[in-house]
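Inspection log for the structure reproduced underneath, given as structure tokens.
The values are calculated or read from the model by the stated rules, or taken from the named source; none is laboratory data. The structure presented is a predicted model; accordingly, all values stated were derived computationally and were not measured. Note that each Cβ is placed from the backbone with ideal geometry, even for glycine, and that neighbours are counted across all protein chains shown.
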Amino acid sequence: MFVPHTWFGLIGRNVRINRAGPDSVAGRLLGVGEDYLAVRTDEGVVYVASWHVKSVTATDGASSNSSNVASASAGKAPPAATFLELLLRLRRSRIRVNRGPEKVEGLLLDVRGGQLLLARGNEHVHVPLFHVKNVCVLR
């Protein structure tokens, strides 16, 4: 799934991804990959898979215009082209997958076979990729 072209015009602006609930992410849009968004929040950078995005709302009160598009093209590129490439680069990082009651935190050991493998204490947790809504690197 490719992201809508209009999302690039929101780079550098304050946005809310999804309207409410545990899947809602609010912060400054840092970048847009082929199938994910990178948002700077109070807890760090949250990477949101585009197939779980129901809405993107600009919350800073400014309207989209050509200067936003210009600043978007001058912005920092996302750390990977696709969400899968991003997850592969995060191997050996402590991450949180999703938010709310379904969140899982642990060391990302591997990404293969359509799933994430996380070490959490003495457990190995397998999370199917299609259930990964967002990922945040833990500090």
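Of all residues in region 104-133, those satisfying the criterion of being among the charged types (D, E, K, R) and either over 24 Å from S50 (Cβ atoms) or outside the structural domain of L88 (by TED's automatic domain parsing) (or both) are R120, E123. Any residue in region 61-75 that is surrounded by 15 or more Cβ atoms within 10 Å (Cβ to Cβ), at pLDDT 60 or above and either outside the structural domain of V111 (by TED's automatic domain parsing) or within 18 Å of the chain's Cα centre (by Cα) (or both)? So far as region 61-75 goes, no, none of its residues is surrounded by 15 or more Cβ atoms within 10 Å (Cβ to Cβ), at pLDDT 60 or above and either outside the structural domain of V111 (by TED's automatic domain parsing) or within 18 Å of the chain's Cα centre (by Cα) (or both). Of all residues in region 1-49, those satisfying the criterion of being in contact (Cβ under 8 Å) with a residue 40 or more places away in the chain and among the basic types (K, R) are R13, R16. In region 99-139, the residue that is modelled with the lowest pLDDT out of those that are among the basic types (K, R) and outside any strand (DSSP E or B) is R139.
Look at R96 and say whether it is outside any loop (DSSP other than H, G, I, E, B), of a type in the set (D, E, K, R), closer than 14 Å to A26 by Cβ and modelled with pLDDT of 85 or more. The answer is no for R96.
Under the condition of being touching a helix residue (DSSP H, G or I) at 6+ places or on another chain (Cβ under 9 Å) and within 14 Å of R99 (Cβ to Cβ), the residues counted in region 29-47 number 1.
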